[in-house]
1. It is to be established whether one or more residues within the stretch 155-166 are assigned to a helix (DSSP H, G or I) and either closer than 27 Å to Asn440 by Cα or touching a strand residue (DSSP E or B) at 6+ places or on another chain (Cβ under 9 Å) (or both).
2. I'm trying to understand the selection: among the residues of the stretch 12-44, which are closer than 25 Å to His121 by Cβ and without any contact (Cβ under 8 Å) to a residue 12 or more places away in the chain?
3. Please identify the pairs in which a residue from the stretch 120-140 that is free of Cβ contacts under 8 Å to residues at least 24 places away in the same chain has its Cβ atom under 9 Å from the Cβ atom of a residue that is open to solvent by 10 Å² or more (accessible area, probe 1.4 Å) and part of a helix (DSSP H, G or I), counting only partners at least 6 apart or on another chain.
4. Taking the stretch 167-183, which residues are surrounded by fewer than 18 Cβ atoms within 10 Å (Cβ to Cβ), β-branched (Val, Ile, Thr) and in a helix (DSSP H, G or I)?
5. What number of residues within the stretch 220-266 are polar (S, T, N, Q), under 26 Å from Gly325 (Cβ atoms) and under 27 Å from the mean Cα position of the chain (by Cα)?
6. If you check every pair at least six apart or on different chains, which have Cβ atoms under 9 Å apart with a residue in the stretch 220-231 that is touching a residue at least 40 places away in the same chain (Cβ under 8 Å) first and a residue that is open to solvent by 10 Å² or more (accessible area, probe 1.4 Å) and not in a helix (DSSP H, G or I) second?
7. Do we find that Asn123 is within 19 Å of Glu157 (Cβ to Cβ) and part of a helix (DSSP H, G or I) in this structure?
8. Check off (1) in contact with a Phe, Trp or Tyr (Cβ under 8 Å, 6 or more places away or on another chain); (2) surrounded by fewer than 22 Cβ atoms within 10 Å (Cβ to Cβ); (3) more than 26 Å from His388 (Cβ to Cβ); (4) of a type outside the set (Gly, Ala, Ser) for Leu103 and give me the number that stays unchecked.
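The values are calculated or read from the model by the stated rules, or taken from the named source; none is laboratory data. Predicted model only: the values in this text are computed from it and were never measured. When we count neighbours, we look across all protein chains shown, and the Cβ atoms used for this are built from the backbone with ideal geometry, even at glycine. Ligands, DNA and RNA are excluded from the accessible area calculation, which covers all protein heavy atoms including side chains. Shrake-Rupley method; radii C 1.70, N 1.55, O 1.52, S 1.80 Å.
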Amino acid sequence: MPDDELYKKKNMEVLQYEATGNANLQKDQTELAYRSLNSGFFNLEMERRKGAELSDWKKKHEDKKKEIEEAWHRNTETEYNALSKRAAANNKKSRAYYRGFSLKELEVFIKNSDRGGNSDHFNNVATELELYNRIMDNGNPLEGFGILMRLKDRADEYTSSRKSPNTTKGKIRKAIISVISEKATELIEQQKNEYLTKAETLFEEARSEEADDEKVNEAFKAQYNLIYQVLNGNITLPPEELERLDANTETVLNKVIRQKVDETQGNNISTKFFNSLGWSSNEARMVEEHDLEPEGDEMKRSPLKKKMYHSINPFGELKDAKDLGRQLAGMKKENNRIFYGLGRFGKGIYTSARADKPEAEDRKAEVNSWTYGNKVGAVQLVMTVNEHARMMSYHEFMRTKENEFGRMFSRVNTLLESEQRSKSGYMDYLTMKAAFYGYNTLIDYNTGIENVDYYVTSDRKALSISREMRIRVHPDDFDLSDLEHLEKQK
């Protein structure tokens, strides 16, 4: 992968980590330090700079590094003192001293360790541990498993580079990080066994003719969880087990496909897939419109930091699309699951947003969205993605993931690709394949419309939506001509 593409991919990952890791900061917590202190990322940053710019960047980085390390030490002092009283041993240089503490508590010990400046190896452990704990608090445990594996690798790198530390502080640090490695290893084995056991046990229960939808859905989630870990390189299965997982998932998915959908949903594989996974029932975060302005709280927290627009036309005998808008936002009392819209790169909620260019404007994306709501009574919702979004360019997905999925899970791949197509050449199945990798949002940067990108989101939890729904009252009116507050609708 070219260096610039690798940087963009890693930067997108870090932006999403930051959105999740900083979502619910406590008063004694610093912002996620991964961008500044994890060498896996800041080395990529450094390689993009030359000459005087590089020297200036290095100086700023050293200042930032010192600022973060001092804040870590200062903010953990009270908790460190309290935890120290609970230690199971007296010798702080021994592993026994730290074995009674959780990974969350060991983060306090590692951040409070002060030598007047930390090595890259040390900060790699600290930042992976900080990220793991915050993802487990605010994010997705599936994602946490991969970070846990990285944490173990970084901890082992540190201990192998510190064979026989001479100083007391060096011995303390090695003891702490050795125990982090021990605990990570134990958790990895425990969670790996759980993924494998659940997938096998729940499959056996679901294959019965008497298995109800709830049992089938539990089994599908277990198959999905295991496939996610396999595709992301966290669990490796021998060929015969991989083939069995593929066949078992195909069997369960065929049962999912026989399930009914809500009367307000499309009767297709994607809808049943996401209903079973639970994504269609997840709630969006409803916010005020000012929260989506550039200085608004929600926009500041978003990894995207752009307004996104979705428009809906009324159809059939409907005079307006207000009820359809309420359904998308999750504000109805019943029949509230997502309607998965048809689309070129997968079924889901399609939105327009400004492109990543200086001249691009929200207004262009807003007007483009209204072309999909060109009837009187059409509605438009304004939103952005939040800390639960996991995004990838659909072109990159096609280049790096699509063939891999088909090669590793050929039976499931064939079943997903039997999804009904919106139009010839459309890949309505793609959001399902992306979901197996953990992506709930795909991006099209090459829409053919100048300065406008398209997004498709399959999990409503990834969206923060304005409570104010715009209503078209004239066929040629693109302005905010009327406002309906969703909470006031009957």
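1. Filtering the stretch 155-166 for residues assigned to a helix (DSSP H, G or I) gives 155-161.
Of the ones still in play, those that are also either closer than 27 Å to Asn440 by Cα or touching a strand residue (DSSP E or B) at 6+ places or on another chain (Cβ under 9 Å) (or both) are none.
No: zero hits.
2. Within the stretch 12-44, Glu13, Asn43 qualify.
3. Met136/Leu103; Met136/Lys104
4. Thr168
5. Counting residues in the stretch 220-266 that are polar (S, T, N, Q), under 26 Å from Gly325 (Cβ atoms) and under 27 Å from the mean Cα position of the chain (by Cα) gives 1.
6. Lys221/Gly278; Tyr228/Asn234; Tyr228/Gly438; Val230/Thr236; Val230/Leu237; Leu231/Lys401; Leu231/Gly438
7. Details: within 19 Å of Glu157 (Cβ to Cβ): yes; part of a helix (DSSP H, G or I): yes.
In short, yes.
8. (3)
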